[in-house]
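This report refers to the structure that appears directly beneath it.
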Amino acid sequence: MEAADDTRSALLCNIQRFSVHDGPGARSVVFMKGCNLRCAWCHNPESINPNPELLFYAERCIGCGKCFAVCPSGAHVTREGRHIVDRERCVNCLRCADTCYAQALAVSGERVTVDELARQIVEEKPYYGSEGGVTFSGGESMLRIDFLEQILARCAKERVHCAIDTAGNVPWRSFERALAFSPMFLYDIKAADPQTHRRLTGADNARILENLARLSESGARIWIRAPYIPGFNHGEARAIADICSRVNAERVEIVGYHRLGESKYAALGRSGGIDPEPPSRAELEAVRDAFAERGVDAFI
Ligand code: SF4
Ligand code: SF4
């Protein structure tokens, strides 16, 4: 298995081009693997594990049988007429992914070097326009600060605007290192109450909120993103708005739960954990009103 902590390279889930939802202007979003939170509603589940993982999209399988032949552990099996990957048997050697021309099998986790990623980012520079650039997301891109620092330096040299999408659960020193290159931050606030935060994400939010306050004091450009998950953090709106009101944020956005991650859970052979009904427009407007009551103008 590849090492996840090589400082000259990083494992990416993918690079999404022409995003207009991850910072100002048109952006390339670099999704890095590895996260230290376990949000119950995570819609990028393939980014949690820091190592490469096998994805199996059963609906694309044409039944050629090649993966059955190469698998050393007999993990490709047919049960009740359906081809499945038995994850208990799979040893994650990833050999089968190379044999599948139908692209039913794939690997999440492509290793790129600083040089390779910098070259791709610079090549796409004409598409960023005056406002856009590149956003480093994940997973938690700040967990790869050694790599991130190098790529931020290369982007700064090439005058490519950088944003870091973070949940903030890393040592402040990592922020200091990133701040040397003046990126902007897309900062998630998932819950205000520490116990609720722990229940929903597996971690306390003390360090997250402390980092946010220090980031605000530093004068960094900040966009706050507050996920709204009906039935999970619905009671947190006012308290999250109060946190936002103390931060020098340029923009606050309420991001409603969606189900775009569902097919990824199936491809990873995992269950999605929770499955609330995505919020209606009226529900999101009510959350926005709760923010407004606390003096915070939020986008939905
Ligand atoms: S190699 Fe791909 S298409 Fe062939 S059986 Fe395996 S998953 Fe299906
Ligand atoms: S990744 Fe898993 S299913 Fe694929 S060949 Fe290796 S052991 Fe078999």
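Can you find a residue in segment 144-157 that is out of contact with any Pro (no Cβ under 6 Å at 6 or more places or on another chain), among the aromatic types (Phe, Trp, Tyr) and either away from ligand 1 (no atom under 14 Å from the Cβ) or more than 30 Å from Ser271 (Cα to Cα) (or both)? Yes, segment 144-157 contains at least one residue that is out of contact with any Pro (no Cβ under 6 Å at 6 or more places or on another chain), among the aromatic types (Phe, Trp, Tyr) and either away from ligand 1 (no atom under 14 Å from the Cβ) or more than 30 Å from Ser271 (Cα to Cα) (or both). Take the conditions (1) in contact (Cβ under 8 Å) with a residue 24 or more places away in the chain; (2) surrounded by fewer than 22 Cβ atoms within 10 Å (Cβ to Cβ); Ser137 misses just one of them, which is (2). The helices (runs of 4 or more DSSP H) found entirely in segment 62-173 that carry 3 or more residues being aliphatic (A, V, I, L, M) are 114-123, 145-157. Residues in segment 175-210 that are under 19 Å from the mean Cα position of the chain (by Cα) and either part of a strand (DSSP E or B) or closer than 19 Å to Cys162 by Cα (or both): Phe175, Ala178, Pro183, Met184, Phe185, Leu186, Tyr187, Asp188. Among residues of segment 1-14 being buried (at least 17 other Cβ atoms within 10 Å of the Cβ) and over 11 Å from the mean Cα position of the chain (by Cα), the one that is modelled with the lowest pLDDT is Ala4. Among all positions in segment 64-86, there is at least one residue which is crowded, with 16+ Cβ neighbours inside 10 Å and of a type in the set (Gly, Ala, Ser). Of all residues in segment 28-61, those that are open to solvent by less than 10 Å² (accessible area, probe 1.4 Å) and either over 21 Å from Thr135 (Cα atoms) or part of a strand (DSSP E or B) (or both) total 6.
Among the numbered conditions (1) among the charged types (D, E, K, R); (2) over 30 Å from Arg60 (Cβ atoms); (3) open to solvent by 50 Å² or more (accessible area, probe 1.4 Å), the only one that Arg259 does not meet is (2).
Listed conditions (1) out of contact with any Ser or Thr (no Cβ under 7 Å at 6 or more places or on another chain); (2) in contact (Cβ under 8 Å) with a residue 40 or more places away in the chain; (3) open to solvent by 30 Å² or more (accessible area, probe 1.4 Å); (4) among the hydroxyl-bearing types (Ser, Thr, Tyr) are all met by Thr113, apart from (1).
The values are calculated or read from the model by the stated rules, or taken from the named source; none is laboratory data. Keep in mind that this is a model prediction, so the values were computed, not measured. Cβ: placed from backbone, ideal geometry, glycine included. Neighbour counts: every protein chain shown. Ligands, DNA and RNA are stripped out before the accessible areas are found, and what is left, the full protein with its side chains, is counted by its heavy atoms. Shrake-Rupley method; radii C 1.70, N 1.55, O 1.52, S 1.80 Å.
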